[in-house]
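Reviewing the structure listed below.
Please treat every number below as a calculation from the coordinates, not as lab data. Treat the numbers as computed from the prediction; the structure is a model and nothing was measured. Note that each Cβ is placed from the backbone with ideal geometry, even for glycine, and that neighbours are counted across all protein chains shown.
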Amino acid sequence: MNWWLLIIIPFTSAFIGWASNKLLITLLFHPLQPVRLPGFTIQGIIPKRQKQLAAQLSTVASREFGTLAALEAKITNPDNFKKIMPTVEMHVDDFLRNKLKEAFPMIGMLIGDRTIATLKEIFMKELETLFPVIMKTYVQNLKEELNLEQLIHDKIAAVSPERIEATVRETMGKELRQAGLLGAALGFIVGCVQAFIVMGLV
């Protein structure tokens with residue numbers, strides 16, 4: 001009985017399973033450029049299909065986020081204006097006390113602190129009313145001018161295959177190694193079955 005078959009076949013199958021998974025992962029990215037052989041062309045799946053992938057992802061993304069509804073609701077929320085009120089009030093106060101007087105010296109001679117405080121209060125109330133309207137108009141204009149689908153498509157299509165590969169290997173390195181080990185384990189199991197079948201036929 002050739003007991004060496006029980007060792008060679010399982011370990012050979014394990015190596016083949018591991019190598020097959022490694023080759024499959026490599027073929028996702030390489031070769032980067034088309035390699036023309038008699039009768040067919042070889043190129044990595046991702047470099048070959050990057051434009052189609054960019055088109056599909058941009059369509060999905062624009063469908064999900066194209067309305068910018070969440071952004072509009074967030075921007076036009078009056079609570080957001082309250083967060084920036086101290087900064088706005090500071091600029092309004094500077095305008096009334098300094099810039100207005102510099103531009104119109106005669107007016108500066110006629111208004112005092114009480115008048116400035118009153119004007120500032122009026123301006124702040126008006127700005128609080130205008131802020132949501134202005135920001136809503138801004139978002140609407142942005143939606144009309146911004147081709148979100150084309151923007152996403154161009155960004156994805158512009159990423160180099162090398163960058164995509166580096167990112168995938170960096171973020172999924174552990175899973176890729178586990179895939180290789182899984183291929184080796186499955187190959188070993190299949191090899192054991194084959195070895196016992198061969199031994200049974202001998």
Counted charge near D93, where neighbours are those whose Cβ lies closer than 12 Å (Asp, Glu -1; Lys, Arg +1): -1
Net charge within 15 Å of T41 by Cβ-Cβ distance, Lys/Arg positive one each and Asp/Glu negative one each, not counting T41 itself? +3
Estimate the FRET efficiency between K136 and L57 by the formula 1/(1 + (r/R0)^6), using the beta-carbon distance for r and 35 Å for R0, to the nearest 0.05. 0.75
Among I189, I107, I45, determine the one that fluctuates most according to a GNM of the chain built with springs between C-alpha atoms less than 10 Å apart. I107
Ranked by GNM mean-square fluctuation in the chain (Cα springs under 10 Å), the top entry among H30, H91, H153 is H91
Assuming R0 = 25 Å, what is the FRET efficiency of A103 and E128, from their Cβ-Cβ distance, to the nearest 0.05? 0.50
I need the helices of the chain that pass two filters: whole DSSP H segments spanning 18 Å or more by Cα along the axis, and mean Kyte-Doolittle score no lower than 1.6. 4-29
Separation between the T12 and E175 pseudo-spin-labels, each 7 Å from Cα along Cα→Cβ, expressed in nm? 3.4
In this structure, the FRET efficiency calculated for I189 and V159 from their beta-carbon separation, with R0 = 35 Å, to the nearest 0.05, is 0.35
Give me K155, K174, K48 sorted ascending by neighbouring Cβ count inside 10 Å, so fewest comes first. K174, K155, K48
